[in-house]
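S.K.: My questions all concern the structure below.
The values are calculated or read from the model by the stated rules, or taken from the named source; none is laboratory data. Owing to the predicted nature of the structure, the values given are computational and were not obtained by experimental measurement. With ideal geometry, Cβ positions are generated from the backbone for all residues, glycine too; neighbour counts draw on all protein chains shown. Quick note on the areas: whole protein, heavy atoms, side chains included, nothing else; ligands and nucleic acids left out. Shrake-Rupley method; radii C 1.70, N 1.55, O 1.52, S 1.80 Å.
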Amino acid sequence: MDPFHTAAAGLPDPFRLMIRDSVGSTNDDLRELAEHGTTDGMILLAREQTNGRGRRGASWFSATGEALAFSILVRPSEPRHLWPRLALAAGLAVAEAIDSQGIAAQIKWPNDVQISGKKVAGILVESGPDFAIVGIGLNVNARSFPPEVADIATSLALAGDREIPMAEVFAAIIHRFSVRRSQIGDDFPEMISDVRTRCSLTGKKVRLRCGDLPKTGVITGIGDNGELLLQNERGEESILQADEIRLIA
């Protein structure tokens, strides 16, 4: 039996899995299903994704057969203004699933997962009128990358120096996301505490861009509402959204 179908049989409620051989974007295809009434917990996984994207329309490289590319439909009961926390919930779930393979993972706020400073996964959360789509791309068994990302990307196989069971990692992500998605409301302090311990930016000097406004400073941590805390000559500033964050040597 296909290992993903085997993994799907053990997913927690209400999660269930749909597999497509090839899609442009799992987020786009799942959005269409959501708009036609598909219920909470549907997961769309693509064996091949030809037009994956990240935040701000950036492309996402997804090696066929070597990477996980899937999206999760969530119809949250929490107020809409809390839905952006789903990105942190998903990033934490991915990091915890990577840990289960004996590989230490960190979170680069707000939506990247890293191993030893290199990106291994990206999260893209997009909202509809009464739903959110949580897209996850994870480099699992890729051994090489296009030149433009070769210096900043990695995979579980490279980090662990072995072939990684993709369906096992997928199942671990969903089990952890089942827990973490329920913590975007009243239990957010517990979740954000665990995010803080994995924040790869804390203590680092960075240059970031908020809209057209560049900012420079030292990251002192993550605030109680999930915001990034930046210390500069003007004091400590809360960053709710940043288009780009780069470390300064």
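S.K.: Pick from segment 227-249 the residues that are over 24 Å from ILE152 (Cβ atoms) and small (Gly, Ala, Ser): which of them is surrounded by the most Cβ atoms within 10 Å (Cβ to Cβ)?
M.R.: Ranking the candidates gives SER238 first.
S.K.: Out of all the residues in segment 126-141, is one or more over 26 Å from ALA9 (Cα atoms) and under 14 Å from the mean Cα position of the chain (by Cα)?
M.R.: Looking for residues that are over 26 Å from ALA9 (Cα atoms) and under 14 Å from the mean Cα position of the chain (by Cα), one finds at least one in segment 126-141, hence yes.
S.K.: Within segment 218-230, how many residues are part of a strand (DSSP E or B) and at negative phi?
M.R.: Qualifying residue count, segment 218-230: 7.
S.K.: Please state which of the following conditions ASN111 fails to meet, knowing it meets all the rest: (1) in contact with a strand residue (DSSP E or B) (Cβ under 9 Å, 6 or more places away or on another chain); (2) at pLDDT below 95; (3) more than 29 Å from ALA34 (Cβ to Cβ).
M.R.: (3)
S.K.: Please return the ranges of strands (runs of 3 or more DSSP E) entirely within segment 1-112 where 2 or more residues are touching a residue at least 40 places away in the same chain (Cβ under 8 Å) and aliphatic (A, V, I, L, M).
M.R.: Fully inside segment 1-112 and qualifying: 42-49, 67-74.
S.K.: What number goes with the only condition from (1) in contact (Cβ under 8 Å) with a residue 12 or more places away in the chain; (2) over 30 Å from LEU33 (Cβ atoms) that PRO147 does not pass?
M.R.: (1)
S.K.: Where residues in segment 206-215 are closer than 14 Å to TRP109 by Cα and loosely packed, with under 15 Cβ neighbours inside 10 Å, which of them is modelled with the highest pLDDT?
M.R.: The extreme case among them is ARG207.
S.K.: On to the next question. Return only the number of the condition from (1) open to solvent by less than 80 Å² (accessible area, probe 1.4 Å); (2) in contact with a Leu (Cβ under 7 Å, 6 or more places away or on another chain); (3) free of Cβ contacts under 8 Å to residues at least 24 places away in the same chain; (4) over 27 Å from LEU73 (Cβ atoms) that VAL218 does not satisfy.
M.R.: Here VAL218 clears every test but (2).
S.K.: Cβ-Cβ under 7 Å, sequence separation 6+ or interchain: first residue in segment 116-136 and more than 18 Å from ILE174 (Cβ to Cβ) and touching a residue at least 24 places away in the same chain (Cβ under 8 Å), partner in a strand (DSSP E or B) and open to solvent by 10 Å² or more (accessible area, probe 1.4 Å). Which pairs?
M.R.: Listed by first residue and then by second, the contacts come to LYS118/ALA153; LYS119/ASP112; LYS119/ALA153.
S.K.: Can you tell me which residue within segment 231-249, out of those that are under 22 Å from the mean Cα position of the chain (by Cα) and in a strand (DSSP E or B), is farthest from VAL206 (Cα to Cα)?
M.R.: Among those that are under 22 Å from the mean Cα position of the chain (by Cα) and in a strand (DSSP E or B), it is SER238.
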